[in-house]
Amino acid sequence: MPNTTQPVRGRFAPSPSGRMHLGNIFCAIICWLSARSAGGSLVLRIEDLDTLRCTKQNAAVLIDDLRWLGLDWDEGPDIGGPNFPYYQSDRFDIYAEKLAMLEEKGLVYPCFCSRAEIHAANAPHFSDGSVVYAGTCRHLSAEELAEKSKKRAPALRLVVPDREYHYVDGHYGPGGENLAQNCGDFILRRSDGVYAYQLCVIVDDILMGVNQVVRGRDLLGSIPRQNYLYELLGAPTPQYFHIPMLVAPDGRRLSKREADLDLGELRSRYPSPEVIIGRLAHRCGLLEREEPISAQELLPLFDWSKLSKEDIVIRPGDF
Ligand code: GLU
């Protein structure tokens, strides 16, 4: 059960795979408003597991962009804190240790299946292209294991139970799924040795004492897997608040492809962030009238009940 008696402790967990865009800013602002309006604290953690795309240089720009927006945090890579380090790329030893704990429980196994094999052999296919992994490698014999190990490095998967994991999202309400039937054993470490997002985010949120998670609703479907990991690691689950996505008129979610909406472009167009924040706040339901406003001024107006549940359409020329 979420622990709601403690003071709120939120986090920004951006991935510096390029310049932030409008959708990332929206998420950072709501995350900050939610924690600060409850008198809570915030951690900035840089999610740079993909060390090829996520550079320290991008992270430095990202931190500067967050500051430009008028946001602040109590711990982070630029200011330090008791939960150091704040770059996931500096935390691999910690992930290895937690993975070993799960291995000791007998819940982790090597999987040699390629992506193509998994898609060919497993049904059903979901609309996002993912499949339920049928557990092909779960019961390999010692000989099969030795044979397959000669050909390729394995990923590591976590055995999931045949059980429903229900949750109540603070914004979107109840949901849930049966992990074995709707998700399947999922990856904790990829075959190239990179630790998976699902493992790292939970390990870090636990160690950093995070009890409020605010992020895009594209991650709503991760809650059952993540709550299972909380259970295995013996920690209380946080309160989740998912937020609507910013989408293009055709419904496609805004991404780093819309380079005209990245913060480099926006900062050259707007000398200060108030117009951007005011327009976003109006579009998402927090401000009745569109007017320039700072994050600080928006703080007393913040209320989860005002925030739209519908995705927010951004048309060309809106910003
Ligand atoms: N690092 C993830 C992202 O940038 C966010 C993960 C999370 O909030 O759980 O999409």
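The values are calculated or read from the model by the stated rules, or taken from the named source; none is laboratory data. None of these values were measured; they are calculated from a predicted model. All Cβ positions, glycine included, derive from the backbone under ideal geometry; neighbour counts span all protein chains shown. Quick note on the areas: whole protein, heavy atoms, side chains included, nothing else; ligands and nucleic acids left out. Shrake-Rupley method; radii C 1.70, N 1.55, O 1.52, S 1.80 Å.
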- Note on the structure: For the chain, the charge dipole (Cβ of Lys, Arg +1; Cβ of Asp, Glu -1; about the Cα centre) points to a positive end, and the Cα of Ala281, Val132, Asn178 closest to that extreme belongs to Val132
- Note on the structure: For Lys309, the aspartates and glutamates lying under 15 Å Cα to Cα, once residues fewer than eight places off in the same chain are dropped, come out as Asp169, Asp218
- Message: Charges on Cβ only, +1 for Lys and Arg, -1 for Asp and Glu, centred on the Cα centroid of the range 1-152; of Thr55, Ile79, Ala120, which one is farthest towards the dipole's positive end?
- Response: Ala120
- Rel. contact order, % - alpha carbon contacts under 8 angstrom, at least six apart, the chain: 21
- Query: How much of the DSSP beta bridge set in the chain is antiparallel, as a percent to the nearest 5?
  - Reply: 55
- Query: Which of the aspartates and glutamates could a cross-linker bridge to Lys150, judged by Cα under 19 Å and excluding same-chain residues fewer than eight apart?
  - Reply: Glu117, Asp192
- Item | Per residue solvent-accessible surface (Å²) - the range 26-176, probe of 1.4 Å | 51
- Item | Computed helical MRE - 222 nm, the chain, DSSP H runs ≥ 4 contributing -39500 (n - 2.57), nearest 500 | -9500 deg cm²/dmol
- Task: Return one number: the angle in degrees, 0 to 90 and rounded to the nearest 10, between the long axis of the Cα atoms of helix 56-68 and the longest principal axis of the Cα atoms of the chain.
- Result: 30
- Report the Cys residues of the chain lacking a disulfide-compatible partner, meaning no second Cys Cβ under 4.7 Å from their Cβ. Cys27, Cys31, Cys54, Cys113, Cys183, Cys200, Cys284
- Task: State to the nearest 20 debye the size of the charge dipole of the chain about its Cα centre, where the only charges are +1 on K and R beta carbons and -1 on D and E beta carbons.
- Result: 420
- Note on the structure: Measuring from the longest principal axis of the C-alpha atoms of the chain, the long axis of helix 22-37 (C-alpha) lies at a number of degrees, nearest 10, equal to 80
- Query: Rounded to the nearest 5, what is the percent of antiparallel bridges among the DSSP beta bridges in the range 145-210?
  - Reply: 100
- Task: Determine the per residue accessible area of the range 243-284 with all protein chains present and a 1.4 angstrom probe, expressed in square angstrom.
- Result: 46
- Note on the structure: For Asp311, Asp169, the accessible-area ranking with a 1.4 Å probe, largest leading, is Asp311, Asp169
- Query: Hey, any idea what the orientation-averaged projected area of the convex hull of the range 166-307's Cα atoms comes to, in nm²?
  - Reply: 11.6
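Using unit Cβ charges (K, R positive; D, E negative) and no other charged atoms, how large, in debye to the nearest 20, is the dipole of the range 17-119 about its Cα centre?
Around 260 debye, computed over the range 17-119.
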- Message: Positive end of the dipole of the range 149-235, charges at C-beta (+1 Lys, Arg; -1 Asp, Glu), about the Cα centre: which of Leu207, Gly193, Tyr228 has its Cα farthest in that direction?
- Response: Gly193
- Item | Exposure rank, largest accessible area first [Lys306, Lys150, Lys98, Lys105; 1.4 Å] | Lys150, Lys105, Lys306, Lys98
- Query: Tilt of helix 274-283 relative to the longest C-alpha principal axis of the chain, in degrees (0 to 90, nearest 10)?
  - Reply: 70
- Message: Give me, ordered by chain and number, the residues 5 or more places off Ile243 or on other chains with an amide H under 5 Å from its own placed amide H.
- Response: Arg215, Gly216, Arg217
- Amide H of Met20: which non-local residues (sequence gap of 5 or more, or other chain) have their own amide H closer than 5 Å, using H built in the peptide plane? Leu263
